[in-house]
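The values are calculated or read from the model by the stated rules, or taken from the named source; none is laboratory data. These numbers were taken from a predicted model, which means no experiment stands behind them. FYI the Cβ positions are ideal-geometry reconstructions off the backbone, even for glycines, and counts take in every protein chain you see.
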Amino acid sequence: MARPKIALIGAGQIGGTLAHLAAIKELGDVILFDISEGTPQGKALDIAQSGPSEGFDAILKGTNDYADIAGADVCIVTAGVPRKPGMSRDDLLGINLKVMKSVGEGIAKHAPDAFVICITNPLDAMVWALQQFSGLPAHKVVGMAGVLDSARFRHFLSVEFGVSMKDVTAFVLGGHGDTMVPLARYSTVGGIPLPDLVEMGWTSQETLDGIIQRTRDGGAEIVGLLKTGSAFYAPATSAIEMAESYLKDQKRVLPCAAYVEGAFGLDGLYVGVPTVIGAGGIEKVIGIKLSADEQAMFDKSVDAVKGLVAACKTIDPSLV
Ligand code: APR
């Protein structure tokens, strides 16, 4: 059977890391697309030359021509600009919305059957715009945010508790921004929910609150340190986890920015919710029960996403 084809739209920091990970994990052959001439070609060649040492079989090709993504099984979109210190993800909206239009049209023309994972920020609004511009079914267009936000939460928790991060689960809902909702009640160490661990005296509520805030600020902390761009290793790894679940029909339960209609009282909005990803794309949105406090935080996050979507419609009236 032919290898799956993975098209990476955007060959910058995240795009290059995605290509390397996809090759090392032998998820398929990789096409790196970018408008910058030479960048995708150079990265494809460099990564291909890591093959003999690493021992992977994958063909990598860099291109500036959308025709090369033809028939891709998965497209992962990082095209656009990242933020600089002092910028919020929302500051990128105007520039990246235009990029989503050209990317959406390119995918619609050349890879309409692909499972599309958007990483470009501001995430919830960009994945919505990408689905609109591409016209692909909503269950095949999804945003990567919750896996990353949960990974950041899990990392901080594993350090605090001094245990393997394999035994830490975490749940982050809502938009990929300052209003994201890390859910302590649904996050566990060895299956024990975080509020119980506070009661047991393993950590304090104050420490936990600090970790939750650090999770919310996780992207900004890295932007502040790097100064020239934003995080790329963990975002790429998170998207690869989602792509692998689709390609191997793993049916992983992963929080993603998915199109929600019905669940959580929403009537058609992209926002971070727990999902099942399998060969059918987003096969299920899991409508978990929220407490009044959690619902209030989620509603605030939803309002922030709605504000960004409204801003997109003002900038580009072709969006409805
Ligand atoms: N089509 C294709 N590629 C484009 C386009 C376009 N219209 N516009 C810009 N690009 C390319 C750039 O040439 C660059 O190579 O997108 C790439 C972006 O790479 P980086 O600037 O390195 O940004 P990166 O760190 O990879 O982040 C990309 O993901 O997490 C988000 O906020 C982040 O929106 C940003 C995106």
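With 217, 209, 178 as the choices, which residue is charged (D, E, K, R) and either touching a helix residue (DSSP H, G or I) at 6+ places or on another chain (Cβ under 7 Å) or surrounded by 22 or more Cβ atoms within 10 Å (Cβ to Cβ) (or both)?
Numbers: 217 fails: either touching a helix residue (DSSP H, G or I) at 6+ places or on another chain (Cβ under 7 Å) or surrounded by 22 or more Cβ atoms within 10 Å (Cβ to Cβ) (or both); 209 fails: either touching a helix residue (DSSP H, G or I) at 6+ places or on another chain (Cβ under 7 Å) or surrounded by 22 or more Cβ atoms within 10 Å (Cβ to Cβ) (or both).
Step by step, each of 217, 209, 178 is checked, and only 178 is charged (D, E, K, R) and either touching a helix residue (DSSP H, G or I) at 6+ places or on another chain (Cβ under 7 Å) or surrounded by 22 or more Cβ atoms within 10 Å (Cβ to Cβ) (or both).
Inspect the stretch 217-226 for any residue being modelled with pLDDT of 95 or more and more than 16 Å from the ligand (Cβ to nearest atom) and give the result as yes or no.
no
Against the conditions (1) without any contact (Cβ under 8 Å) to a residue 60 or more places away in the chain; (2) surrounded by 18 or more Cβ atoms within 10 Å (Cβ to Cβ), where does residue 131 fall short? Just the number, please.
Single failed check for residue 131: (1).
Among residues belonging to the stretch 54-100 that are at pLDDT below 95 and among the hydrophobic types (A, V, I, L, M, F, W, C), point out the one that is surrounded by the most Cβ atoms within 10 Å (Cβ to Cβ).
Within the stretch 54-100, the subset at pLDDT below 95 is 81-95.
Restricting the remaining residues to those that are among the hydrophobic types (A, V, I, L, M, F, W, C) gives 81, 87, 92-93, 95.
Details: 81: 16, 87: 15, 92: 23, 93: 18, 95: 11.
Only one residue tops the list, namely 92.
In the stretch 82-141, what count of residues is obtained for those that are touching a strand residue (DSSP E or B) at 6+ places or on another chain (Cβ under 6 Å) and among the aromatic types (Phe, Trp, Tyr)?
Residues in the stretch 82-141 being touching a strand residue (DSSP E or B) at 6+ places or on another chain (Cβ under 6 Å) and among the aromatic types (Phe, Trp, Tyr): 2 in total.
Would you check if there is a residue in the stretch 28-49 being buried (at least 19 other Cβ atoms within 10 Å of the Cβ), under 23 Å from the mean Cα position of the chain (by Cα), more than 22 Å from residue 230 (Cβ to Cβ) and not hydrophobic (A, V, I, L, M, F, W, C)?
Yes, that holds for at least one residue.
Quick one: which of 29, 91, 34, 113 is in contact with a helix residue (DSSP H, G or I) (Cβ under 7 Å, 6 or more places away or on another chain) and of a type in the set (D, E, K, R)?
Details: 29 fails: in contact with a helix residue (DSSP H, G or I) (Cβ under 7 Å, 6 or more places away or on another chain); 91 fails: in contact with a helix residue (DSSP H, G or I) (Cβ under 7 Å, 6 or more places away or on another chain); 113 fails: in contact with a helix residue (DSSP H, G or I) (Cβ under 7 Å, 6 or more places away or on another chain).
The conditions single out 34.
Of the residues in the stretch 72-129, how many are more than 10 Å from the ligand (Cβ to nearest atom), assigned to a loop (DSSP other than H, G, I, E, B) and either at negative phi or under 14 Å from the mean Cα position of the chain (by Cα) (or both)?
Of the residues in the stretch 72-129, 9 are more than 10 Å from the ligand (Cβ to nearest atom), assigned to a loop (DSSP other than H, G, I, E, B) and either at negative phi or under 14 Å from the mean Cα position of the chain (by Cα) (or both).
Looking at the stretch 83-91, can you tell me whether even one residue there is hydrophobic (A, V, I, L, M, F, W, C) and within 21 Å of residue 306 (Cβ to Cβ)? Explain how you work it out, then say what you get.
First, pick out the residues of the stretch 83-91 that are hydrophobic (A, V, I, L, M, F, W, C): 87.
With the extra rule that they be within 21 Å of residue 306 (Cβ to Cβ), the set shrinks to none.
Looking through the stretch 83-91, none of the residues is hydrophobic (A, V, I, L, M, F, W, C) and within 21 Å of residue 306 (Cβ to Cβ).
For the stretch 42-64, which positions are more than 18 Å from residue 76 (Cβ to Cβ) and either within 12 Å of the ligand (Cβ to nearest atom) or part of a helix (DSSP H, G or I) (or both)?
42, 45, 46, 48, 51, 52, 53, 54
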